[in-house]
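Asker: Let me give you the structure first, and then I'll get to my questions.
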Amino acid sequence: MSAPNAPSSPPWLLRPGVALMRRLDMRLKLIGLTLVLMVPSVVIGSMLLHGIATDWRYTAGERAGLQGIRALSTVADHLQDLRDATHRHTADGNAAAGQARDAAAMALRGALAAVAPLAEANPGWGWERALPAVERALTADPPAAHATTFERNGKAVQGVLDAMDRIGEVSGLLLDPQARTYFLMDLTLTSSPA
């Protein structure tokens, strides 16, 4: 019979570890315990930092895309104004519409100047599809046939809208993984009038 206060023998699998721990000094035991607890903390911390960095990069892309879409939306607005004034000027020969066309052209030049740094900072976002057509609509003298002018400016507007879609795709706005911000993107890109 064994004595009631005798230490029980550990299972055979744990015996080497128990023997080692009995021989080690308390300071070494605490250092070992600290290391055992720090490894998972470091792994979890690095995973957390990696997730934060990934989210930050994604959000930075979305912000850049939103800036590009806002700038192109302004271009589209002024291009619509130019198209309207040009159409009225060529269809009616209205002098006031000619002045409105000149004002719309000046506003469109300002909007294009605001787009230029964004286009340089983000090549391949579809700027090359939209901006040349806008430049042609801006610099070309209105032809005698107003239908041709209206069609040319309409193609420029469609090019800007296509570029806005492309920017939304490339920047990650259209593929937003967060439900809360997806609805904001949907409102900004697809539901709001251009």
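The values are calculated or read from the model by the stated rules, or taken from the named source; none is laboratory data. These numbers come from a predicted model, not from an experiment. Positions of Cβ are backbone-derived with ideal geometry, glycine not excepted, and every protein chain shown enters the neighbour counts.
Asker: If I filter region 163-176 down to residues being more than 11 Å from Trp127 (Cβ to Cβ) and without any contact (Cβ under 8 Å) to a residue 60 or more places away in the chain, which single residue comes out as surrounded by the most Cβ atoms within 10 Å (Cβ to Cβ)?
Answerer: Checked region 163-176; the qualifying residue surrounded by the most Cβ atoms within 10 Å (Cβ to Cβ) is Leu174.
Asker: Could you list all residues from region 41-98 that are touching a helix residue (DSSP H, G or I) at 6+ places or on another chain (Cβ under 8 Å), over 24 Å from Thr139 (Cβ atoms) and of a type in the set (D, E, K, R)?
Answerer: Once the filter is applied, which keeps residues that are touching a helix residue (DSSP H, G or I) at 6+ places or on another chain (Cβ under 8 Å), over 24 Å from Thr139 (Cβ atoms) and of a type in the set (D, E, K, R), region 41-98 yields only Glu62.
Asker: Let me ask something else. Can we say Ala103 is under 30 Å from Leu175 (Cβ atoms), among the aliphatic types (A, V, I, L, M) and modelled with pLDDT of 85 or more?
Answerer: The answer is no for Ala103.
Asker: Within region 131-140, identify whether any single residue is more than 32 Å from the chain's Cα centre (by Cα) and not in a helix (DSSP H, G or I), and answer yes or no.
Answerer: Yes: region 131-140 contains one or more residues that are more than 32 Å from the chain's Cα centre (by Cα) and not in a helix (DSSP H, G or I).
Asker: Let me ask something else. Output the residues belonging to region 97-117 that are of a type in the set (Lys, Arg) and within 13 Å of Val134 (Cβ to Cβ).
Answerer: Of everything in region 97-117, just one residue is of a type in the set (Lys, Arg) and within 13 Å of Val134 (Cβ to Cβ), namely Arg109.
Asker: Find the residue count for region 73-117, including only residues that are surrounded by fewer than 14 Cβ atoms within 10 Å (Cβ to Cβ) and among the hydroxyl-bearing types (Ser, Thr, Tyr).
Answerer: Residues in region 73-117 being surrounded by fewer than 14 Cβ atoms within 10 Å (Cβ to Cβ) and among the hydroxyl-bearing types (Ser, Thr, Tyr): 0 in total.
Asker: Within region 85-99, how many residues turn out to be assigned to a helix (DSSP H, G or I) and free of Cβ contacts under 8 Å to residues at least 12 places away in the same chain?
Answerer: Total satisfying the criteria: 4.
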